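J.: My questions will all concern the structure given below.
FYI, it's all coordinate maths here, none of it is from the lab. The model shown is predicted, which means the values in this text are computed figures rather than measured ones. All Cβ positions, even for glycine, are placed from backbone atoms using ideal geometry, and neighbour counts span all protein chains on display.
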Amino acid sequence: MEARAIAKHIRISPRKVKIVIDLIRGKNLGEALNILSLTPKAASEPVAKLLRSAAANAENNYDMNVDSLYVAEIQANQGPTLKRFRARAQGRGTQILKRTSHISVVLKERE
């Protein structure tokens, strides 16, 4: 049995999120949450929130034991990019890309 959670349109670049999720892939749920609480990256807060949501889904929807859960799969894909312009010299403008992420996690029970 597996429990899933997906967070869409997170306003952090997927490249920055992947640095954080690589730290917790394959770890137990409690250990992953501890790692995220001590990680000084902006992406650690939404990833921790997503892990807690997946754990709640596992407990309430599938009657899984929260103490035996581990991060089976976690990935960060690119979401829609917001295109903005910033003023530059001599009346020109330069495009600024504000990237977003879709983060998905799958928790499974250890045998």
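J.: What is the dipole size for the chain, taken about its Cα centre, with +1 at each Lys and Arg Cβ and -1 at each Asp and Glu Cβ, in debye to the nearest 20? Display every interim value, and only then the final one.
T.: Numbers: 20 positive and 10 negative charges, 282 e Å.
With Lys and Arg at +1 and Asp and Glu at -1, about 1360 debye.
J.: Also, quick follow-up: Considering the stretch 2-109, what Rg and Dmax in Å follow from its alpha-carbon atoms?
T.: When restricted to Cα atoms, the stretch 2-109 yields Rg and Dmax of 16.9, 63 Å.
J.: Given contacts defined as C-alpha pairs under 8 Å and at least six residues apart, what's the relative contact order of the chain, whole-number percent?
T.: Taking the mean separation of contacting Cα pairs over the length of the chain, I get 42 percent.
J.: Let me ask something else. Give the total of Lys-Lys pairs in the stretch 2-109 with Cα-Cα distances below 15 Å; include a pair only if its members are 8 or more places apart or on different chains.
T.: Total qualifying Lys-Lys pairs in the stretch 2-109 comes to 9.
J.: Over the stretch 64-111, what is the relative contact order in percent, taking alpha-carbon pairs closer than 8 angstrom and at least six residues apart?
T.: Contact order relative to length: 51 percent.
J.: Before anything else, pin down the relative contact order of the stretch 1-64: Cα pairs under 8 Å, at least 6 apart, normalised by residue count, whole percent.
T.: 48 percent
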